[in-house]
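Each remark here refers to the structure printed beneath this line.
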Amino acid sequence: MIRTSIAAFATLLAFSASAQQVETAEEFRPVLKAHATVNGATVLVGDLVENAGALAKVPIFRAPDLGFTGTVPAQAVAEAVRNRALADIDTAGLTEVSVTRAARAIPAKEISDALVRALSVQYNLGNPNDITITFDRELQTVYVEPTAVGQPRVAHIGFDRGGRFDAAMEMPTGNGKHGLLRLAGRAQVTAEVVTIARSLERGAVIKDSDVMVERRPRAEVGRDVVTDRNQVVGLALRVPKQAGNMFRASELAKPDTIQRNEVVTLIYEVPGVTLTVRGKAMEGGAEGDMISVLNEQSKRTLQGVIAGPGRVVITMQGSRIVANAALPGQN
């Protein structure tokens, strides 16, 4: 009986040991990763496989370009690993693996800003914010090694009277090294101006939606060009304008308070006497403008100042005419 118990206990121990070995084997079984981020130009087995053991440092694929992500079929990874004596790999149901090449991004704006500052200083172009540049080829974000230290710096720049520039930008590449980025294009000094968003006829009152603020070459901006949108909205056009044109102060006026042919009240005031007469506006105008009006009693045309909607104050000379014309029996 005792011998039977000992035998059973030995069998149990052997089974437990075997189970532990199975669990240990499962725990350290090579498993494919879904994603990997690599720092070098090559992808290592250990980047793609957990528990790769001694093969972890073995290169198997070329890494994507700096800052980019590529995909590798899971089967291709498994085959590459098997060829290096790591046959038992669990693909974990994956069909592909994504690989990202770590990098430091230097935005295009950071590069162009450095270029603009150099143009401003070396060629006395004024405030860098007033310099607009366009490149012959679209400037993209530049990716360098994650260890790269420093900012883009202008190593050389040339600029001619026609506005053309060519430059060599020194870019940090890592490990204390630098590379040159060649750039070319045009630069011009600009100014913010107010332009019209859609074509409008003479007399149209300008709304906020009719106005845009754009940058135009400073050489095209005259002294009377409007640069503040608040100086335009609510005013009326003295002349018709096409979409895209700049606003000029001389083309703007207060909106007409009185329209042409509108029936108005003519007002003559002197100390102690106020005389009102019915009249008709011969032309439109804004408050404060002097316009011609017709005295409907005398049929005479007078000059008066618009005092408000429907009201015109006759000037002193015109007032005497109104007063005389308003008396019964006078022609």
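Structure summary
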quantity	calculated
Condition met for Thr95 (of a type in the set (S, T, N, Q), more than 30 Å from Thr173 (Cβ to Cβ) and either modelled with pLDDT of 90 or more or in contact with a strand residue (DSSP E or B) (Cβ under 8 Å, 6 or more places away or on another chain) (or both))	yes
Any hit, the stretch 184-194, residues being touching a residue at least 24 places away in the same chain (Cβ under 8 Å), hydroxyl-bearing (Ser, Thr, Tyr), assigned to a loop (DSSP other than H, G, I, E, B) and surrounded by 12 or more Cβ atoms within 10 Å (Cβ to Cβ)	no
Conditions (1) of a type in the set (S, T, N, Q); (2) modelled with pLDDT under 90; (3) more than 30 Å from Ile206 (Cβ to Cβ); number of the one not met by Thr257	(3)
Residue satisfying condition, being of a type outside the set (Phe, Trp, Tyr) and outside the structural domain of Val312 (by TED's automatic domain parsing), within set Ile258, Ile267	Ile258
Scan of the stretch 96-141 for residues that are hydrophobic (A, V, I, L, M, F, W, C), touching an Asp or Glu at 6+ places or on another chain (Cβ under 9 Å) and assigned to a strand (DSSP E or B), ordered by number	Val99
Residue check, Leu86 touching a strand residue (DSSP E or B) at 6+ places or on another chain (Cβ under 9 Å) and modelled with pLDDT under 95	yes
Residue, farthest from the chain's Cα centre (by Cα), within the stretch 67-85, restricted to residues that are assigned to a helix (DSSP H, G or I) and touching a residue at least 40 places away in the same chain (Cβ under 8 Å)	Val81
Total residues in the stretch 199-238, condition in a loop (DSSP other than H, G, I, E, B) and either hydroxyl-bearing (Ser, Thr, Tyr) or loosely packed, with under 14 Cβ neighbours inside 10 Å (or both)	11
Only one of Thr100, Thr141 that is touching a residue at least 60 places away in the same chain (Cβ under 8 Å) and either in the same structural domain as Lys33 (by TED's automatic domain parsing) or out of contact with any helix residue (DSSP H, G or I) (no Cβ under 8 Å at 6 or more places or on another chain) (or both)	Thr100
Selection status of Asp130, under 30 Å from Ile60 (Cβ atoms) and not assigned by TED's automatic domain parsing to the domain that holds Ala236	no
Residue check for Asp88: more than 30 Å from Gly185 (Cα to Cα), charged (D, E, K, R) and touching a residue at least 40 places away in the same chain (Cβ under 8 Å)	yes
Residues satisfying the stated conditions in the stretch 98-116, i.e. surrounded by fewer than 20 Cβ atoms within 10 Å (Cβ to Cβ), more than 20 Å from the chain's Cα centre (by Cα) and not β-branched (Val, Ile, Thr)	Ser98, Ala102, Arg104
Number of the exception - Pro107 against (1) out of contact with any strand residue (DSSP E or B) (no Cβ under 7 Å at 6 or more places or on another chain); (2) over 30 Å from Leu48 (Cα atoms); (3) at pLDDT 95 or above	(2)
Subset of the stretch 105-123 [within 13 Å of Leu181 (Cα to Cα) and without any contact (Cβ under 8 Å) to a residue 60 or more places away in the chain]	Ala108, Ser112, Ala114
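The values are calculated or read from the model by the stated rules, or taken from the named source; none is laboratory data. Only a predicted model underlies this, so the values are computations on that prediction, with no experimental measurement involved. A quick note on method: Cβ atoms are made from the backbone with ideal geometry, for glycine too, and the neighbour counts reach across all protein chains shown.
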